[in-house]
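The values are calculated or read from the model by the stated rules, or taken from the named source; none is laboratory data. Just so it is clear, the model here is predicted, and its values are computed rather than measured. Note: ideal-geometry Cβ built from the backbone for every residue, glycine included; neighbour counts use all protein chains shown.
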Amino acid sequence: MFPRVMGQFLPERDKTGFEIAKDDCIKGAVVFFDGVGRFFAKCFPKSSQLWRFFRADLVNFIVFNRFAFLKQNRQVIRIVLQELLTKPDFVGEIVRAFQARLAESPRLVESNLGILLEKHPEYQPMDLLRIIAGPLVAYFMQRFVFFPDREFAEERDLKLIAKQILLILN
């Protein structure tokens, strides 16, 4: 009934194949970001001299693993994106759910930001969201909305996206 993704469960479509409860969409969106936190907890650097290495690992994880999540759950993600674009109240619900989740692990959030912002402390969290999620969402839309029948070199494309993100963060 629920596909397993990074130790979490993401709801599937209901019997009609089209409707998913709003709560399930919110949970699915939050699950997307939970995987980043679990990865980071395993790789927390003991010394700031390792931050460059870990930043690259973290960015590569985000790009490859989270795109795999998007790809595996593309029907649900399309619905979440549609809801985000058409229902302002839904955006607020997603933001509140993320804020609650982030409040559970303030040290982890601070550490993630430290690694990603080491070279650019002037960047804000919304800057990071745009820098990292923007290319992933654009690639998702290209692959599964605009050109679903085209062939893509996924590994090459994701490596290029990771490289672009690292260029901005380094």
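Filtered by the rule that a residue be free of Cβ contacts under 8 Å to residues at least 12 places away in the same chain and surrounded by 14 or more Cβ atoms within 10 Å (Cβ to Cβ), the stretch 93-108 gives a lone residue, Leu102. Taken over the stretch 36-74, the criterion of being aliphatic (A, V, I, L, M) and modelled with pLDDT under 80 is satisfied by Val36, Ala41, Leu50.
The number of residues in the stretch 109-134 being of a type in the set (D, E, K, R) and surrounded by 15 or more Cβ atoms within 10 Å (Cβ to Cβ) comes to 1. Pairing each residue of the stretch 135-162 that is under 19 Å from Leu85 (Cβ atoms) with any residue that is assigned to a loop (DSSP other than H, G, I, E, B), provided the two are 6+ apart or on different chains, yields C-beta distances under 9 Å for Tyr139/Phe152; Gln142/Arg150; Gln142/Phe152; Arg143/Arg150; Arg143/Phe152. Scanning the stretch 68-110 for residues that are aromatic (Phe, Trp, Tyr) and over 14 Å from the mean Cα position of the chain (by Cα) returns a single hit, Phe90.
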